[in-house]
Amino acid sequence: MSIIGLRVLPVIGITAILLTLTGCWDNKDINHRSLPIVMGISKLDDHYHIVLQIPEPSQQQGTEFRLVKASGATINEIVDRIGANMETQMDLLHLKVILIDKAYAESGLNDAISAFLRSHDISPKTMAVICDEPIDQFFDNIQQYSKNNGTLIQDFFRANAGWSPQVATSRIWELFRSIHSYTRDEAIPIIKSGKGTIVETRGSAIIRNGKMVGRMTPDETLMTNIFSGMDVKGKIEVMNSATVQIVNNRITNRSSIVDGRPLIKSKITLSVALLEKKGQPTQDEIKKELQLTLTERFNHVLTMMKEEEADILGLGQLFRNKLSRDELQKWRTNYLPNLKAEIHFEVFIENEGDLKMDA
């Protein structure tokens with residue numbers, strides 16, 4: 001082959017490759033897209049009501065936010081109609097929080113959760129939250145604060161922003177998983193608009209098979225987070241003898257079947273810092289009071305789980321290799337109500353600050 005041929009051959013190859021590339025011809029500029037970050041959803045008489053909070057850049061006032069509302073027979077129909085009437089392309093993949101009306105949660109969320117997962121328009125990592133007041137009222141109350149900070153609801157649930165250890169976290173995919181699981185239910189955070197703060201936590205909702213069947217206080221929600229292995233560093237516990245702050249936590253579990261009855265033994269290790277004393281309590285007295293307080297709180301959560309037949313701690317997961325599939329199908333009704341739990345809290349006081357005390 002001639003020298004000219006050797007030089008032309010690579011050029012032809014590169015040209016052929018370039019012709020097969022699709023490029024970015026179908027991409028839309030960010031200025032031509034609408035990126036809702038919060039969706040509110042309620043349901044009345046078989047009709048859904050959707051509220052979208054959409055940021056809109058403004059040269060004069062930074063970022064402004066628009067509320068777009070619509071109602072219809074199905075969620076996909078409403079979203080499609082909103083998109084058709086907007087001057088920009090709506091992209092729901094950037095949605096961060098789905099705010100669900102409490103009354104709708106009590107009637108059952110299965111249809112909505114299935115629609116979200118099937119459409120692939122919404123990220124399965126989107127946070128699911130229950131609203132303890134009418135959806136429209138909530139958005140109207142926080143609208144004045146959202147003009148310059150549209151991520152305030154998202155920040156409330158971010159660990160590196162406003163999240164607190166007594167606030168539950170639940171994603172859409174986790175809620176979908178619980179609907180189709182024999183051994184795991186879900187706790188969803190409950191919020192409302194605040195009166196001194198923008199958002200106020202109201203504990204968490206107990207979700208069984210996609211339906212809200214009960215609720216827990218923030219302190220009880222802390223127990224579910226500890227049992228799930230989440231880092232609850234920073235939580236302050238106020239007792240009669242002292243006030244302490246959790247700086248580290250760890251849990252180990254052992255499960256077994258004894259005489260046909262499930263048994264779980266858990267050891268929860270807490271490292272705490274002493275913030276305040278009342279009187280002259282000893283370290284042992286403070287440890288015992290904290291152990292008693294947390295044990296009573298955990299037992300109350302377990303009692304609610306048995307009454308509602310809702311395994312929000314996912315205890316059934318510990319018995320998946322000890323029970324057959326047919327037996328696991330009856331976990332909530334036959335095994336959970338008869339569960340025996342032995343919980344031991346081991347407390348270490350790591351830091352006393354300037355509060356010296358007797359051992």
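The values are calculated or read from the model by the stated rules, or taken from the named source; none is laboratory data. These numbers come from a predicted model, not from an experiment. Don't worry about glycine lacking a Cβ; one is built from the backbone with ideal geometry, like all the others, and counts go over all protein chains shown. All accessible areas refer to the heavy atoms of the entire protein, side chains included, with ligands and DNA or RNA removed. Shrake-Rupley method; radii C 1.70, N 1.55, O 1.52, S 1.80 Å.
Considering only the stretch 188-226, how many residues are in a strand (DSSP E or B) and open to solvent by less than 30 Å² (accessible area, probe 1.4 Å)?
Matching residues across the stretch 188-226 total 14.
Report yes if some residue within the stretch 19-37 is modelled with pLDDT under 65 and closer than 30 Å to Cys131 by Cα; otherwise report no.
Let us first name the residues in the stretch 19-37 that are modelled with pLDDT under 65, namely 19-32.
Next, from what is left, pick out any that are closer than 30 Å to Cys131 by Cα: none.
So far as the stretch 19-37 goes, no, none of its residues is modelled with pLDDT under 65 and closer than 30 Å to Cys131 by Cα.
Scanning the stretch 286-326 for residues that are over 21 Å from the mean Cα position of the chain (by Cα) and among the aromatic types (Phe, Trp, Tyr) gives a single hit, Phe319.
For the stretch 330-349, what are the residues that are open to solvent by less than 40 Å² (accessible area, probe 1.4 Å) and of a type in the set (D, E, K, R)?
Filtering the stretch 330-349 for residues open to solvent by less than 40 Å² (accessible area, probe 1.4 Å) gives 331-332, 335-336, 339, 341, 343, 345, 347, 349.
Listed by number, the list holds a single entry, Arg332.
Only a single criterion out of (1) closer than 13 Å to Ala242 by Cβ; (2) touching an Asp or Glu at 6+ places or on another chain (Cβ under 7 Å); (3) surrounded by 16 or more Cβ atoms within 10 Å (Cβ to Cβ) is not satisfied by Gln283, namely (2).
Please go through the stretch 285-325 and pick out each residue that is of a type in the set (Phe, Trp, Tyr) and under 21 Å from Pro189 (Cβ atoms).
Listed by number, the list holds a single entry, Phe298.
For residues that are assigned to a helix (DSSP H, G or I) and open to solvent by 10 Å² or more (accessible area, probe 1.4 Å), tally how many sit in the stretch 83-115. Quick ask: steps written out before the conclusion?
Looking only at the stretch 83-115, we keep the residues that are assigned to a helix (DSSP H, G or I), and these are 83-85, 92-94, 102-107, 110-115.
Next, from what is left, pick out any that are open to solvent by 10 Å² or more (accessible area, probe 1.4 Å): 83-85, 92-94, 102-103, 106-107, 110-111, 114-115.
Residues flagged as assigned to a helix (DSSP H, G or I) and open to solvent by 10 Å² or more (accessible area, probe 1.4 Å) within the stretch 83-115 amount to 14.
Do you know which residues across the stretch 309-347 are part of a helix (DSSP H, G or I) and in contact with a strand residue (DSSP E or B) (Cβ under 7 Å, 6 or more places away or on another chain)?
First, pick out the residues of the stretch 309-347 that are part of a helix (DSSP H, G or I): 315-319, 325-329, 331-338.
Answer for the stretch 309-347, where residues must be part of a helix (DSSP H, G or I) and in contact with a strand residue (DSSP E or B) (Cβ under 7 Å, 6 or more places away or on another chain): Leu315, Leu318, Phe319, Tyr335, Asn338.
Only residues that are under 10 Å from the mean Cα position of the chain (by Cα), hydrophobic (A, V, I, L, M, F, W, C) and part of a loop (DSSP other than H, G, I, E, B) were counted in the stretch 159-187, giving 2. In this structure, does Ile268 turn out to be open to solvent by less than 20 Å² (accessible area, probe 1.4 Å), touching a Phe, Trp or Tyr at 6+ places or on another chain (Cβ under 9 Å), modelled with pLDDT of 90 or more and closer than 27 Å to Thr183 by Cβ? Yes. Among residues of the stretch 154-187 being open to solvent by 20 Å² or more (accessible area, probe 1.4 Å) and hydrophobic (A, V, I, L, M, F, W, C), the one that is farthest from Phe116 (Cα to Cα) is Ala161. Number of residues in the stretch 65-82 that are open to solvent by 50 Å² or more (accessible area, probe 1.4 Å) and in a strand (DSSP E or B): the value is 3.
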